[in-house]
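Student: Structure incoming, see below.
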Amino acid sequence: MASIEEFDPLNTSVPATKIEVTVSCRRMAGGLIYTKIIDCFSLSLFPVVVLYVQGIGTKEWREFGRTEVIENTLNPDFVRKFVLDYFFEEKQNLRFDVYNVDSRSSNISKHSFLGQTFCTLGEIIGSAGARLERVLSDGCARKSQGIPGKKCGNIIFTAEELSNCRDIATMQLCANKLDKKDFFGKSDPFLVFYRSNEDGTFTICHKTEVIKNTLNPVWQPFTIPVRALCNGDYDSHDFIGEFTTSYRELSRGQSQFNVYEVLNPKKKGRKKKYVNSGTVTLLSFKVESEYTFVDFIRGGTQLNFTVAIDFTASNGNPAQPTSLHYMSPYQMNAYAMALKAVGEIIQDYDSDKLFPAYGFGAKIPPDGKVSHAFPLNTDCENANCVAIEGVLEAYYECLRTVQLYGPTNFAPVINQVAQCAADVTDGSQYFVLLMITDGVISDMVQTKEAVVNASSLPMSIIIVGVGPAEFDAMEELDGDEVRVSSKGRAAERDIVQFVPFRDYIDRSGNQVLSMARLAKDVLAEIPEQLLSFMKSRGIEPRPALSNSPATHITVHL
């Protein structure tokens, strides 16, 4: 349904990405097990897998679902899937427990525990071909004591994005002889689209721009996901009229079937000679497939994560508790929390888990020269650290060896990462730079130029401000409202996300919750930024790397 009104842009709301996880087990430890269901001893198992999920900022596990029970096997391939909402910006912790069902009780604790494993949804999606294999351990108690649990088989996960309609429709409409709505005999018309709900109500899904002072508007072409269009907001605008159509009718394109009479029910009821309030004509309609972030990750695109940390003197003496770099034996400082919060999510999408890590604004040994891009591990030939824990270790060690100084220059590190991104523009890699700082940028002019240059590359920049300083100037780099520009040239894409860490600190002191909130906000734009680069270069995802055999169908009698 579409209505025409006289003048608020609305972001189209689309459902969360849904991921289907399939589970198999191999080489499970069987042994001689008494099974009550069939009242006999069996050398095989009756396995079932139970999935538990963990809420953000909590340690509690909640049962999400169970597979079916498969009889007499040590190598089950479960048919029942787990369908999960996927959010790239969240660390979605999963726990899989495997039991042998040896009675008819629905209470899972009444059955024999075989083993368990932990992972994140990001790890499954980010693994080669979205296929992750893990060892099943026979319990957590031994792990908490630092002793590896007994291996009792392997568990295999595969992830598939549910094929909800990914088509996007691009269309253009115009109208003729609309009703006059202002004193001068003109109108300021715009179109509002509503999709019908199962209960007969309508939900707003798109608004066009306003065309001023005309009764014959031609609106700009617009693009909308088909699932949003065919899967309200009644402001105080002057209602001109409405008409109803369907996706199938629109998809016919420009034709005699897509000229619609705009009707105003009130006028129709009052005026006997009322014909219509004008017509709306569909000028064009095109449908294209829309690739998703998951398509590129499953096709092998790797996220390369780089860290840059502010070592300027304004952070305070690291030996003093007032310093933002203070290493407390009881809790992480803000730098470590920001690094861990973002890094632990992104590392799931990087197969080698090697992360370049730099510092800027310090005097470094042996000659005490100021550097704005020095490797935290002191290796000028290879700045890579192994996993996020390796980055944290290098950061802590660096605090003991460098002298905090200044100024706060961003451009050198941005240019260094941009140089790496410029070497790989085929869609196989996408670079994410995390910069953590306590103050105002000293080289804003150079930084703007670096950001504009980087905007044409497969690269995003996350800036986290720590401490009490005012970060107003940083907002200039975050191009949500106005694109960054330098020397008369605007950034090709919005690639910078800035947030002050203090906005995410949990008042109760829950660091896990603070980190989860931070990560959710700063990483939320990465999938769209990656897609915007791929689309601008016409890059399509490679076929998913698959380890699965061809489909085999057997008939059982």
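Student: Filter the range 44-85 down to the residues that are modelled with pLDDT of 95 or more, open to solvent by less than 20 Å² (accessible area, probe 1.4 Å) and in contact with an Asp or Glu (Cβ under 6 Å, 6 or more places away or on another chain) and list them by number.
Tutor: Within the range 44-85, Val50 is the sole residue that qualifies.
Student: Based on what the data block shows, is Val287 aliphatic (A, V, I, L, M), under 31 Å from the mean Cα position of the chain (by Cα), modelled with pLDDT under 95 and in a helix (DSSP H, G or I)?
Tutor: no
Student: List pairs: first residue in the range 56-71 and under 11 Å from Val101 (Cβ atoms) and in a strand (DSSP E or B), second residue of a type in the set (Val, Ile, Thr) and open to solvent by less than 80 Å² (accessible area, probe 1.4 Å) anywhere in the structure, Cβ distance under 6 angstrom, at least six positions apart or on different chains.
Tutor: From the range 56-71, the pairs are Arg66/Val48; Arg66/Val50.
Student: For the range 258-289, name all the residues that are more than 15 Å from Gln172 (Cα to Cα) and open to solvent by 90 Å² or more (accessible area, probe 1.4 Å).
Tutor: Glu261, Lys266, Lys268, Arg270, Lys271, Lys272, Lys273, Val275
Let's see how each residue does on (1) open to solvent by less than 10 Å² (accessible area, probe 1.4 Å); (2) part of a helix (DSSP H, G or I); (3) closer than 16 Å to Glu89 by Cβ; (4) in contact with a Lys or Arg (Cβ under 6 Å, 6 or more places away or on another chain):
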| site | (1), (2), (3), (4) |
| --- | --- |
| Val451 | yes, yes, no, no |
| Met474 | yes, yes, no, no |
| Val482 | no, no, no, no |
| Glu492 | no, no, no, no |
| Met515 | no, yes, yes, no |
| Pro527 | no, yes, yes, no |
| Leu530 | yes, yes, yes, no |
| Gly538 | no, no, no, no |
| Pro541 | no, no, no, no |
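Student: Considering every residue within the range 403-417, establish whether at least one is open to solvent by 10 Å² or more (accessible area, probe 1.4 Å) and in contact with a Lys or Arg (Cβ under 7 Å, 6 or more places away or on another chain).
Tutor: Yes - at least one qualifying residue is present in the range 403-417.
Student: Out of the residues in the range 363-393 that are of a type in the set (Val, Ile, Thr) and either in contact with a Gly (Cβ under 9 Å, 6 or more places away or on another chain) or over 19 Å from Val413 (Cα atoms) (or both), state the one that is most open to solvent (accessible area, probe 1.4 Å).
Tutor: Residue satisfying both the conditions and the ranking: Val386.
Student: Look through Phe96, Phe88 and report the one residue that is part of a loop (DSSP other than H, G, I, E, B), among the aromatic types (Phe, Trp, Tyr) and crowded, with 18+ Cβ neighbours inside 10 Å.
Tutor: Exactly one of Phe96, Phe88 is part of a loop (DSSP other than H, G, I, E, B), among the aromatic types (Phe, Trp, Tyr) and crowded, with 18+ Cβ neighbours inside 10 Å, namely Phe88.
Every residue, every condition in (1) at pLDDT below 95; (2) of a type in the set (Val, Ile, Thr), yes or no:
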position: Ala334; (1), (2): yes, no
position: Ala341; (1), (2): yes, no
position: Glu344; (1), (2): yes, no
position: Tyr349; (1), (2): yes, no
position: Asp352; (1), (2): yes, no
position: Pro356; (1), (2): no, no
position: Gly361; (1), (2): no, no
position: Pro366; (1), (2): yes, no
position: Val370; (1), (2): no, yes
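Student: Regarding Phe355, is this residue open to solvent by less than 10 Å² (accessible area, probe 1.4 Å) and hydrophobic (A, V, I, L, M, F, W, C)?
Tutor: Here the answer is yes, as Phe355 does meet what is asked.
Student: Which residues, counting only those in the range 208-250, are in a loop (DSSP other than H, G, I, E, B), modelled with pLDDT of 75 or more and either open to solvent by 60 Å² or more (accessible area, probe 1.4 Å) or at positive phi (or both)?
Tutor: Those that are in a loop (DSSP other than H, G, I, E, B), modelled with pLDDT of 75 or more and either open to solvent by 60 Å² or more (accessible area, probe 1.4 Å) or at positive phi (or both): Glu209, Lys212, Asn213, Asn216, Gln220, Pro221, Thr244.
Student: Kindly list the number of the only condition in (1) over 21 Å from the mean Cα position of the chain (by Cα); (2) in a helix (DSSP H, G or I); (3) polar (S, T, N, Q) that fails for Ser508.
Tutor: (2)
Student: Separate question: So how many residues does the range 363-392 have that are under 17 Å from Val342 (Cβ atoms) and among the acidic types (Asp, Glu)?
Tutor: The total comes to 1.
Student: What is the residue count in the range 491-520 for residues that are of a type in the set (A, V, I, L, M) and within 20 Å of Glu481 (Cα to Cα)? Explain how you work it out, then say what you get.
Tutor: So the first thing to find is which residues in the range 491-520 are of a type in the set (A, V, I, L, M), and the list is 491, 495-496, 499, 505, 512-513, 515-516, 518-519.
The next check asks that each one be within 20 Å of Glu481 (Cα to Cα); those that pass are 491, 495-496, 499.
Summing the residues that are of a type in the set (A, V, I, L, M) and within 20 Å of Glu481 (Cα to Cα) in the range 491-520 gives 4.
The values are calculated or read from the model by the stated rules, or taken from the named source; none is laboratory data. Everything numeric in this text was worked out from a predicted model, so none of it was measured. Quick reminder, even Gly has a Cβ in these numbers, built from the backbone with ideal geometry, and neighbours come from all protein chains shown. Each accessible area value is taken on the protein alone, full model and side chains, heavy atoms only, with ligands, DNA and RNA left out. Shrake-Rupley method; radii C 1.70, N 1.55, O 1.52, S 1.80 Å.
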